[in-house]
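Only the coordinates and a few stated rules stand behind these numbers; no lab work does. Bear in mind the structure is a predicted one, so any value in this text is a computation, not a measurement. Methodologically, a virtual Cβ is constructed for each residue, glycine included, from the backbone with ideal geometry; neighbour enumeration extends over all protein chains shown.
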Amino acid sequence: INAEYMGYMGDLKETYDALDKLLKDDAQLKAIAKDAMAAIDANGDKQLELHEMEQFIEKACGKFGVKEKPDKDMIKKIFEEIDTDKSKTITEEEMHKFIKKILE
C-alpha cells in the first residue's frame with residue numbers, strides 16, 4: 001500500500017466523518033435547505049416552482065460548463081420527488097427532507 005492510497009483513504013474517512021456530523025446536525029441541514037431555496041427561488045415567494053428549478057439548473061450548468069444538461073423530463077422527475085405533498089411547489093421543509101435523504 002502506497003502513500004497516495006493511504007492519503008486517499010484518509011480523505012475518504014474525513015469526508016465520511018463530515019457527512020455523518022452534518023446528518024446529525026439538523027439545524028445545519030435546515031440552513032443548507034434555506035440557502036438552496038434562496039438561490040433557486042426567483043420570485044422570492046419562499047416556494048419553488050418547476051420553471052424556477054429549470055432556470056436555476058440551466059444557469060448552473062452554463063456557469064460550470066456542463067455540456068450534457070438534464071432534460072426537462074429529468075428535472076420534472078426530480079422536482080416531483082422533492083414535492084412530496086404534490087402541491088406543484090417545493091417548500092423549505094420539503095427541500096430539507098430531500099437534502100437529508102440524498103446525504104444518507
* Unit Cα scatterers, Debye sum, the chain: log10 I(q)/I(0) for q = 0.10, 0.11 Å⁻¹ -> -0.38, -0.45
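Could you order peptides 60-67, 31-38 by the average number of other Cβ atoms within 10 Å of their residues, highest first?
Working: 60-67: 9.4, 31-38: 15.4.
Averaged packing, sorted descending, gives the order 31-38, 60-67.
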* To do: Tabulate in residue order the Karplus-calculated ³J(HN,Hα) for the range 87-96, using 6.51 cos²θ - 1.76 cosθ + 1.60 with θ = phi - 60°, rounded to whole Hz; enter x for Gly and Pro.
  => 8, 6, 9, 10, 8, 4, 5, 5, 5, 4
* To do: Tell me what the chain gives for mean residue ellipticity at 222 nm when only DSSP H runs of n ≥ 4 count, each as -39,500 (n - 2.57), the sum divided by the residue total, rounded to 500 deg cm²/dmol.
  => -23000 deg cm²/dmol
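Checking the table Lys46/Lys101; Lys34/Lys77; Lys24/Lys69 against a 28 Å threshold on Cα-Cα, which pairs fail?
Details: Lys46/Lys101 21 Å; Lys34/Lys77 22 Å; Lys24/Lys69 32 Å.
As for pairs spanning more than 28 Å Cα to Cα, those are Lys24/Lys69.
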* Structure fact -> Check: C-alpha center the range 9-39 vs C-alpha center the range 62-85, spacing in Å is 21 Å
* Structure fact -> With Cα springs under 10 Å, the Gaussian network model of the chain assigns the largest mean-square fluctuation among Lys30, Lys69, Lys88 to Lys69
* Structure fact -> The Cα extents of the range 38-90 along the principal axes, largest first and rounded to whole Å, are 33, 23, 12
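Could you give the dipole magnitude of the range 1-96 about its Cα centre, charging the beta-carbon of Lys and Arg +1 and that of Asp and Glu -1, in debye to the nearest 20?
Working: 15 positive and 24 negative charges, 45 e Å.
That gives a dipole near 220 debye.
May I ask you to derive the relative contact order of the chain, considering only C-alpha pairs under 8 Å and at least 6 residues apart, and to give it as an integer percent? Let's see the in-between values first.
Details: 70 pairs, mean separation 32.6, N = 104.
About 31 percent, as a whole number.
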* Phi-based couplings in Hz for the range 6-18 (Karplus 6.51, -1.76, 1.60; Gly and Pro marked x) -> 5, x, 4, 5, x, 4, 4, 5, 4, 5, 4, 4, 5
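Could you give the dipole magnitude of the range 12-66 about its Cα centre, charging the beta-carbon of Lys and Arg +1 and that of Asp and Glu -1, in debye to the nearest 20?
Approximately 180 debye in magnitude.
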